[in-house]
1. May I ask you to list pairs of residues, at least six apart or on different chains, whose Cβ atoms are under 6 Å apart, with the first in segment 23-46 being farther than 18 Å from ILE170 by Cβ and the second being surrounded by fewer than 18 Cβ atoms within 10 Å (Cβ to Cβ) and not charged (D, E, K, R)?
2. Specify which of the listed residues (VAL222, VAL187) is modelled with pLDDT of 95 or more, over 28 Å from GLY97 (Cβ atoms) and over 21 Å from the mean Cα position of the chain (by Cα).
3. Identify, by number, the condition in (1) over 25 Å from GLY212 (Cα atoms); (2) modelled with pLDDT of 95 or more that VAL339 doesn't meet.
4. Can you tell me which residue within segment 1-24, out of those that are more than 23 Å from TYR75 (Cα to Cα) and surrounded by fewer than 24 Cβ atoms within 10 Å (Cβ to Cβ), is farthest from the chain's Cα centre (by Cα)?
5. When the residues of segment 267-286 are filtered to those that are under 22 Å from ARG56 (Cα atoms) and buried (at least 20 other Cβ atoms within 10 Å of the Cβ), which remaining residue is nearest to the chain's Cα centre (by Cα)?
6. Out of everything in segment 77-123 that is in contact with a Pro (Cβ under 6 Å, 6 or more places away or on another chain), assigned to a helix (DSSP H, G or I) and of a type in the set (Gly, Ala, Ser), what residue ends up being surrounded by the most Cβ atoms within 10 Å (Cβ to Cβ)?
7. Quick one: count up the residues across segment 322-377 that are farther than 16 Å from ILE202 by Cα, crowded, with 17+ Cβ neighbours inside 10 Å and among the β-branched types (Val, Ile, Thr).
8. Give segment 22-43 a look and list any residue that's closer than 16 Å to LYS157 by Cβ and either of a type in the set (S, T, N, Q) or part of a loop (DSSP other than H, G, I, E, B) (or both), or say none.
Amino acid sequence: MDRIIVIGRGMIGSAAARHLTSINDGITLIGPGEPADYAAHDGVFASHYDEGRMTRISDPDPDWAVTSKRSIERYPEIEAESGIPFFTNSRYLGIGGTDTSFLDRAEAAGRALGADLTRLDAQGIRALYPFLSVPDDADGLHEDRDAGHLNPRAMVKAQTEAARKRGATIVNDRAIAIYPVPGGVEVELASGDVRRAEKVLIATGGFTDACGLPPLDLKLRVFGRTVLLARMEGVVAEQLSDMPTMGHAETGAYILPPIRYPDGHNYLKIGIGTTDDPEFRSLTELNHWFKNPGSEENRDRFRPFLEGLIPALTGVAHWHTASCVVTWTATGLPYIDHVLDNRIAVAVGGNGKGAKSSDDWGWIAAHLVAGLDWEHPVGRAKLGIPGNIAG
């Protein structure tokens, strides 16, 4: 019998498993790996199947800022323990306009935590990054130290490997049902195996409600998001070799600098949440979305915006789209809460920016499910499920 089972081998689940190994023995992490053939796969997917996510301390929400800082401070420890690098300090640039409120709040939260920040006007942005075309009223927030991008695939591998080295059991399978039983919980796997534990933590992201694993509907809102990737070659690649990760306050766009992908090419990536993004509730809908390259309409919309911001991209010949999902909670923060007495808990809801703080959300979830006192800057009530009588 396991002491604690973590279901979901994604960014939060793998982090929680690693942290749990410092608290208890008998930890098991369950979740399938990335499918080798998307078209033939009928199970679950995950949004960490990618090479780039932005990370930084500055954020207009102080709770996201402090969890990012705590996570970033542990990146070196995770990389050293696992032997798997995943963080690149490429710096971050937030771009705003006449409405400075977004960057004002991000700067205030970041400075309170010691982030290495510089405020820039349009001239300062152009001087630092000559390849950018910004209007004269542009406002910038630059974060130099401990900011850039992480490789989500590699980070999950690193967290999983570190957990394994600490004694966790890794089960490459999909959980299909959870049954409360006297003295604990049983977890049924797609293979037909059944594992029993004292407690279970569910960290299954956008597939949580669709798979029906928790004993209550979390009412998560899961939207399909399309990302556009431009292949970097020749002169353009040289021009953008010093590019930071960027956030565009007015549109909500996030832009990743050229990053090497498994096909051997470097790609610059942009994603923007839109009102046209489809919302999903079922496993069938999610499965279909991940098997397809997202929205062609979004591709036609994103490309002119990106070429306007970075004119050098007009010379790029190869563009393609890819799909992922974002999982929104009603609170704007992850739900890290019990859903059945102290035996079943959840840690879900990245709200479109979960990667940078994922290690600390995993830390909180590990301490919750292990039954330890709540000792974290983000109060427990903030991470509860609204109306959850078990919380």
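The values are calculated or read from the model by the stated rules, or taken from the named source; none is laboratory data. All of these numbers come straight from a predicted model, not from anything done at the bench. For neighbour counting, all protein chains shown are included, and Cβ atoms are generated from backbone atoms with ideal geometry for every residue, glycine included.
1. Within 6 Å, the pairs are HIS41/PRO35.
2. Numbers: VAL222 fails: over 21 Å from the mean Cα position of the chain (by Cα).
Exactly one of VAL222, VAL187 is modelled with pLDDT of 95 or more, over 28 Å from GLY97 (Cβ atoms) and over 21 Å from the mean Cα position of the chain (by Cα), namely VAL187.
3. Evaluating VAL339 over (1) over 25 Å from GLY212 (Cα atoms); (2) modelled with pLDDT of 95 or more leaves (1) as the failure.
4. Filtering segment 1-24 for residues that are more than 23 Å from TYR75 (Cα to Cα) and surrounded by fewer than 24 Cβ atoms within 10 Å (Cβ to Cβ), the one farthest from the chain's Cα centre (by Cα) comes out as MET1.
5. Here the residue is GLY271.
6. ALA106
7. 2
8. GLY31, PRO32, GLY33, GLU34, PRO35, ALA36, listed by residue number.
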